[in-house]
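K.L.:
I'd like to ask you about the structure that follows.
The values are calculated or read from the model by the stated rules, or taken from the named source; none is laboratory data. None of the values given here were measured: they were computed from a predicted structure. Neighbour counts are summed over all protein chains in view; Cβ atoms, including those assigned to glycine, are modelled from backbone coordinates with ideal geometry.
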Amino acid sequence: MRTTGGSRILGARVPLKDATVAQRLAGAGGVLLGKLNMVEFAYGPEGLNPHYGHARNPWDPAVHRIAGGSSSGSGVAVAAGLAPGALGSDTGGSIRIPASLCGIIGLKPTYGRVSRAGVPPLAWSMDHVGPMTRTAADAALMLGTIQRLTDFHVRRPVLA
């Protein structure tokens, strides 16, 4: 599927393989629905894109309220109930801002916890990929699926 990074410059680019996070979700039985709108090159806190249209906050369709952050399409899709979860990328607030403005959960994982392989970079030393969901439990489930399990040990409660 085309990867545009929200820009017309990359409009014809089709990656040779899916990003690692997409592979992990699909491998766990997730159904990947498609790609969502974003700010051009993930650079901006409003959720506006002059090339592919602005993401509209679903909580007030009569008034154009910003959806926030570069992962605006993910925030809108989850808040509107179009998907139970979506991925976002965060360099300076691009998961957290749309999650806040759209009334959902957005989690920016610890640096290195989730692979960024296959995700177009903004600033490689500050980029993160994380889940955007309606509940904290769903965010934990998605994070558990996309995280690097070989690097992080998941503590499981001991049942007596």
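K.L.:
For Asp18, are the conditions met, namely being more than 13 Å from the chain's Cα centre (by Cα), closer than 22 Å to Gln147 by Cβ and in a loop (DSSP other than H, G, I, E, B)?
P.N.:
Taking the combined requirement at face value, the residue satisfies it.
K.L.:
Go through region 108-122 and give me each residue that's surrounded by fewer than 17 Cβ atoms within 10 Å (Cβ to Cβ) and touching a Ser or Thr at 6+ places or on another chain (Cβ under 9 Å).
P.N.:
Within region 108-122, Tyr111, Ala117, Gly118, Pro121 qualify.
K.L.:
Has region 17-31 got any residue that is in contact (Cβ under 8 Å) with a residue 24 or more places away in the chain, more than 17 Å from Gly130 (Cα to Cα) and not hydrophobic (A, V, I, L, M, F, W, C)?
P.N.:
yes
K.L.:
Right, here's the next one. Identify the residue in region 21-41 that is of a type in the set (A, V, I, L, M) and either in contact with a strand residue (DSSP E or B) (Cβ under 6 Å, 6 or more places away or on another chain) or part of a loop (DSSP other than H, G, I, E, B) (or both) and, among all such residues, is nearest to Leu82 (Cα to Cα).
P.N.:
Of everything passing the filter in region 21-41, Leu33 is nearest to Leu82 (Cα to Cα).
K.L.:
Residues being under 16 Å from Ala86 (Cβ atoms), free of Cβ contacts under 8 Å to residues at least 60 places away in the same chain and buried (at least 20 other Cβ atoms within 10 Å of the Cβ): count how many of those fall in region 42-70.
P.N.:
6
K.L.:
Same structure, new question: Out of the residues in region 115-145 that are of a type in the set (A, V, I, L, M, F, W, C) and within 12 Å of the chain's Cα centre (by Cα), which is nearest to Ser72 (Cα to Cα)?
P.N.:
Only one residue tops the list, namely Met132.
K.L.:
Same structure again: Taking the condition of being more than 13 Å from the chain's Cα centre (by Cα) and either buried (at least 20 other Cβ atoms within 10 Å of the Cβ) or under 25 Å from Arg24 (Cα atoms) (or both), how many residues in region 80-105 meet it?
P.N.:
Pass one, region 80-105, residues more than 13 Å from the chain's Cα centre (by Cα): 80-82, 92, 100-103.
Going one step further and asking which of them are either buried (at least 20 other Cβ atoms within 10 Å of the Cβ) or under 25 Å from Arg24 (Cα atoms) (or both), we end up with 80-82, 92, 101-102.
Matching residues across region 80-105 total 6.
K.L.:
Now a separate question. Taking the residues in region 106-138 that are over 19 Å from Gly30 (Cα atoms) and of a type in the set (A, V, I, L, M, F, W, C) as candidates, determine which candidate is modelled with the lowest pLDDT. Spell out how you get there, then give the answer.
P.N.:
Let us first name the residues in region 106-138 that are over 19 Å from Gly30 (Cα atoms), namely 108-113, 120-128.
Narrowing further to those that are of a type in the set (A, V, I, L, M, F, W, C): 122-124, 126.
On the way: Leu122: 83, Ala123: 85, Trp124: 79, Met126: 87.
The selected residue is Trp124.
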